[in-house]
Amino acid sequence: MGFYLLKRLLLMIPVLLGITIISFTVMKVAPGDPVSLITDLNPNMNEEAIKRIRAHYGLDEPMHVQYLKWLRNMLMLDFGRSFASDNRPVIDKILERIPITLLINALSMSLILIVAIPIGVMSAVKQDSFFDKGTTVFVFLGFAIPTFWLALLLMILFGVQLNWLPISGFRSLHYADLSFAGRILDIAKHLILPIFVSGFGGLAGYSRYMRSNMLEVIRQDYITTARAKGLDETTVIFKHALRNALLPVITLLGLSVPGLIGGSVIFETIFSIPGMGQLFYQSVMMRDYPTIMGILVIGAVLTLLGNLLADLFYSLADPRIRVSG
């Protein structure tokens, strides 16, 4: 296991390097210039002042020189300073916001697994039943409904019409005056809609994957043998079939990390949640290159770690993977 883990960690280095090269190149060739956002609306700016600003940010150097300087600093965990008016270190801005994004994504993924796996198992066991057909309709709705549209509908219903839940922010304005239990309840009320919106599409997808995997497993010969030995259906399904049916789902868990981080940009912007997704959106709009690259690197590292954890869990569930790897 130690050699397997070391091998996977070493393989992450060239992958991460490739991600940074592609991200840096795409960001640089994309339309827009951070200097123009500063100078276009300032009538006192002349050509000499614009050149000095570009030189100050290092934007007058060739692209490969800029990348090598950024890479050297990144290896020392120095992502530079933001181009925004606050000019704060990028790492401070990310560390300030990443706990909120991780909390929402962890709760969203927990909701997906807790709900989707039982739905998938029940749909497979009761194939073609009313429950199976009902969940199929739910799945197609989950795939078809755009996330931003669903978020707006829920905000209108629960926030405006019923006035049950807040529709923006991470906490209320009177948060500091609340008791400890009141603060937890306040944050929970703010997170209900974002977590549901974040997990809705995943619920549909994972329940469908779980159903198809379960249908394939319960048709295997060893399941027929287990039933022939007189084992009750609960033991056959949850002891013998479920573990094998979960293997593809474990793989999907690692692959779902980029989708969760990317989805954070949508729902954090819609619900005005001060997380990493909202920071990324604001940085793109302002052409804040250091912050964009910092968020992309953090997202890439989280994605690679998610894939590594998925492979480790997969190797624990299926020892043949560990031996052959």
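Which entries of K28/K69; K7/K93; K28/K93 show an alpha-carbon separation above 26 angstrom in the structure shown? From the list (K28/K69; K7/K93; K28/K93), the Cα-Cα distance tops 26 Å for K7/K93. When +1 charges are put on Lys and Arg Cβ atoms and -1 charges on Asp and Glu Cβ atoms, the dipole computed for the stretch 1-123 relative to its Cα centre reaches about 460 debye. Put simply, the amide H of R81, placed in the peptide plane, has neighbours under 5 Å in V90, leaving out anything fewer than 5 places away on its chain.
Dipole of the chain computed with +1 at Lys/Arg Cβ and -1 at Asp/Glu Cβ about the Cα centre; of G182, F200, I295, farthest Cα towards the positive end is F200. Rolled with a 1.4 Å probe across the full set of protein chains, the surface gives I91 an accessible area near 50 Å². Projecting the Cα positions of V236, F143, V249 onto the charge dipole of the chain (unit charges on Cβ atoms of Lys, Arg, Asp and Glu, taken about the Cα centre) puts V236 furthest along the positive direction.
Quick check for me: using +1 on Lys/Arg Cβ and -1 on Asp/Glu Cβ, what's the dipole size of the chain about its Cα centre, in debye to the nearest 20?
Working: 27 positive and 22 negative charges, 158 e Å.
It works out to roughly 760 debye.
Averaged over its residues, the chain has an accessible area of 56 Å² per residue, based on protein heavy atoms and a 1.4 Å probe. Here the Karplus curve 6.51 cos²θ - 1.76 cosθ + 1.60, taken at θ = phi - 60°, turns the phi angles of the stretch 77-84 into couplings of 6, 10, 8, x, 10, 5, 6, 5 Hz, with x standing for Gly and Pro.
Measuring nothing but protein heavy atoms, the accessible surface of the chain at 1.4 Å probe radius is 68 percent carbon and sulfur. Computed with every protein chain present, the accessible area of L95 is close to 110 Å² [probe 1.4 Å]. With the charge dipole of the stretch 1-145 set up from +1 on Lys and Arg Cβ and -1 on Asp and Glu Cβ about the Cα centre, the Cα lying farthest toward the positive end among the listed residues H56, L103, N46 is that of L103. Listed by chain and number, the lysines whose alpha-carbon sits under 18 Å from that of K239, ignoring those within fewer than 8 places in the same chain, are K126, K229. Rolling a 1.4 Å probe over the protein heavy atoms leaves I114 with an accessible area of roughly 120 Å². For I184 and V160, a Förster radius of 30 Å and the Cβ-Cβ distance give a FRET efficiency of 0.75, rounded to the nearest 0.05.
The values are calculated or read from the model by the stated rules, or taken from the named source; none is laboratory data. Everything quoted here is computed from the prediction, not taken from an experiment. Cβ atoms come from the backbone with ideal geometry, glycine included; neighbour counts cover every protein chain shown. Surface accessibility is based on the protein's heavy atoms, side chains included, excluding ligands, DNA and RNA. Shrake-Rupley method; radii C 1.70, N 1.55, O 1.52, S 1.80 Å.
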